[in-house]
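The values are calculated or read from the model by the stated rules, or taken from the named source; none is laboratory data. Owing to the predicted nature of the structure, the values given are computational and were not obtained by experimental measurement. Positions of Cβ are backbone-derived with ideal geometry, glycine not excepted, and every protein chain shown enters the neighbour counts.
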């Protein structure tokens, strides 16, 4: 049992600093350590034991244990173990040694913890505001339990502006976003350009922060949250839906019926199909190759139709409840789905062949946006980005969930670490996805879709779940709680880590390569800060200001 | 020219009218064919006319930094292209070929590029400035290509007169016209650049620069700029036909006329096919490509001066 081996190693090395440990399953390990030792333990786990950094979670645990709780999550991919290094932080002036100097990938997560929960990462190299909006006052932390879900903080100041860093000397600043044709979500990159060459950038994102975690912890119930989780992403929503359900099931030690596991697998792979086809199309569009964009979307369309036939929706499948699924695959759907994947395989092969031979696309993508193995390790990059750099990680194989432990598939990798490799990885993963769907349809036995749950779920248990989204690992962390809802739910989407690698990937590249390097960001267009209404009868136009809109939104909600 | 002055003027008006009428049709054809290649239905053939009308009827918002220059740039762009249209034979001898020579033509073509520069400067945003810097870089290599072709013709025919030059002058050497054939190849390989289509629509690259120099244009002025771009496709095709494939122009009306438009159509189809099957080049890749072509063109000029 590898989890126990790892625990023994840690105990030998750190002795009494390890307060207690919990091994709820052979692939999960929770280690509680002294606050003083947390940085050393994390360095040991990250550097010497070569674990992959996943996420840092801060939680306000004061109503239960009287302290704050911080979890640094790591993954031992080769050993199939997810580890959480936990520590209690005293409630007065909560602060904890930053691990971002030894684990660079923790940069964002620690800043987010500081913003939202108010636990200060002491010694953080770049402790700038990350998540909270510019107008938000200092010292107010929305994820604390004494902050109400719908509260507007005192001292909210709409006129306050974000202080950007000074650009390096000799560089012009080019604003990229918040709105840009290839960046269909509000995120802002300030690029420092020397001619057409990118010398650096500053990122200001989180412009459409929707407070989903707070909403879930405050007013929703266990079985409402999967539907909310699905709405985190417009492309890989089912991933979040499944990952959340699995995290709760793992915390409460529930076992989903096998047929439900196969159905989850099938819909996750359907989602991967549509996502990869969409991405390939968009990548072609970004480099100006619209013909392939159109072909990708034509081939993708039947995937959307079959998803609609199974779930009632092209996207947003509303698949999972805790302990089961809501949709069955009937024999008629099975036949049709087989037809869809066969057609898809047949149509996709010539596209892959055409792209593989295309000198023109290679010119635009080879050697562009390179993320070498060191960057993958340090920034915690996941998914096709990591696999295209020759790092063979895939949660479906490394941390099997749903029915993946019973299926045969290959983890597609490439070695050049550039955009071209990522394109190739994604294009070939389409064939693996169809292969998985065929196996599932073949092996699925009739049976129940839902585990009957009679008792209330136990409170205070922790659950981790990693699901391989089309863009990489989606990681959900849940602490179960009272009132039929979790105390803390933390979502880490793959883009959260991959985006942190972008500055290094685009440095010293041409501006023209910026968009294609950025290409793997999920489009999620959500916020507009003003709009104009025209009275059709009088033709009078009126522009609404940001303040008026906010007034309107708060008034009606 | 012994013709009374009215006839060239009427001819010029006719050329301008034909270009203005035909340009959106060719654009519509281009769109339809592109759609077919992409497994789409595509817009109706006449859609570009409707688009222009729609844009012309919209509110005229001047959002750039220097609206006066923006206005000037767009009028100049359309005017330049239409002036060139009067200097190029379109099934008939060019109506105004007596008023200027090859040097005027080269200047006018450069002026068309300058208009984009002015438009971008007037917009004053970072993206449009990046767009014009790209436009200028490619212009510096593209414009000489046409100039070299015209000068080669001049070397062969010992004349700068447009009616002589735009009649296949590049092949006018004795024996096998090596220089002309090289230049024909160069033109075919660089034609997308002249008409600013994929893979050389770098200055406007929607996905990178958000239309670059044009980003602050909307409504009627955008319509005029689009009109100028559509006309550019027709005018440059006519120019290429005159310089490189003039055969059949001696047949007389209507055959010469029909043949001419058939050849222009062939150019439009070529542009469509290339645009639909390529990804956009990066500016440094494009410049290297154009530089190679320019070297080949200069080689051809050298051959021409040796009488080949």
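Against the condition more than 14 Å from chain A (Cβ to nearest Cβ), modelled with pLDDT under 85 and closer than 23 Å to residue B:106 by Cβ, how does residue B:170 come out, does it pass? It is true that residue B:170 is more than 14 Å from chain A (Cβ to nearest Cβ), modelled with pLDDT under 85 and closer than 23 Å to residue B:106 by Cβ. Among the residues here, residue A:508 qualifies as within 14 Å of chain B (Cβ to nearest Cβ), at positive phi and either out of contact with any helix residue (DSSP H, G or I) (no Cβ under 6 Å at 6 or more places or on another chain) or in a loop (DSSP other than H, G, I, E, B) (or both).
No other residue among A:396, A:364, A:326 is touching a strand residue (DSSP E or B) at 6+ places or on another chain (Cβ under 8 Å) and surrounded by 18 or more Cβ atoms within 10 Å (Cβ to Cβ) apart from A:396.
A single entry from B:157, B:126 fulfils the requirement of being farther than 30 Å from residue A:190 by Cα and more than 18 Å from the chain's Cα centre (by Cα): B:157.
Within region B:1-42, restricting attention to residues that are within 14 Å of chain A (Cβ to nearest Cβ) and outside any helix (DSSP H, G or I), the residue that is nearest to residue B:229 (Cα to Cα) is B:42.
This table checks each residue for (1) within 14 Å of chain A (Cβ to nearest Cβ); (2) in contact with a helix residue (DSSP H, G or I) (Cβ under 7 Å, 6 or more places away or on another chain); (3) more than 25 Å from residue A:172 (Cα to Cα).
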site	(1), (2), (3)
B:97	no, yes, yes
B:100	no, yes, yes
B:121	no, yes, no
B:128	yes, yes, no
B:135	yes, yes, no
B:141	no, yes, yes
B:153	no, yes, yes
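Residues checked against (1) in contact with a helix residue (DSSP H, G or I) (Cβ under 9 Å, 6 or more places away or on another chain); (2) modelled with pLDDT under 85; (3) closer than 30 Å to residue A:395 by Cα:
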position: A:103; (1), (2), (3): yes, no, yes
position: A:107; (1), (2), (3): yes, no, yes
position: A:115; (1), (2), (3): no, no, yes
position: A:127; (1), (2), (3): yes, no, no
position: A:136; (1), (2), (3): yes, no, no
position: A:144; (1), (2), (3): yes, no, no
position: A:162; (1), (2), (3): no, yes, no
position: A:173; (1), (2), (3): yes, no, no
position: A:178; (1), (2), (3): no, yes, no
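Restricting A:355, A:368 to residues that are assigned to a loop (DSSP other than H, G, I, E, B), within 14 Å of chain B (Cβ to nearest Cβ) and on the phi < 0 side of the Ramachandran plot narrows the list to A:368. For the condition under 29 Å from residue A:253 (Cα atoms), outside the structural domain of residue A:465 (by TED's automatic domain parsing) and in contact with a helix residue (DSSP H, G or I) (Cβ under 6 Å, 6 or more places away or on another chain), residue A:64 does not qualify.
Taken over region A:456-492, the criterion of being under 21 Å from residue A:108 (Cβ atoms) and surrounded by fewer than 23 Cβ atoms within 10 Å (Cβ to Cβ) is satisfied by A:491 alone.
From the list B:274, B:268, which one is away from chain A (no Cβ under 14 Å) and part of a helix (DSSP H, G or I)? None of the others qualify; the one that does is B:268.
Applying the condition of being modelled with pLDDT of 85 or more and surrounded by fewer than 17 Cβ atoms within 10 Å (Cβ to Cβ) to region A:203-221 and asking which residue is nearest to the other protein chains (Cβ to nearest Cβ) yields A:215. All of (1) at pLDDT 90 or above; (2) within 14 Å of another protein chain (Cβ to nearest Cβ); (3) buried (at least 24 other Cβ atoms within 10 Å of the Cβ) hold for residue A:283 with one exception: (1). Exactly one residue among B:46, B:52, B:56 is free of Cβ contacts under 8 Å to residues at least 40 places away in the same chain, away from every other protein chain (no Cβ under 14 Å) and under 22 Å from residue B:218 (Cα atoms), and that residue is B:46. Residue count for region A:294-305 satisfying the condition of being more than 8 Å from chain B (Cβ to nearest Cβ) and either crowded, with 20+ Cβ neighbours inside 10 Å or touching a helix residue (DSSP H, G or I) at 6+ places or on another chain (Cβ under 7 Å) (or both): 7. Comparison of A:318, A:354 shows that the only residue that is assigned by TED's automatic domain parsing to the domain that holds residue A:231, in contact with a helix residue (DSSP H, G or I) (Cβ under 7 Å, 6 or more places away or on another chain) and under 25 Å from residue A:279 (Cβ atoms) is A:318.
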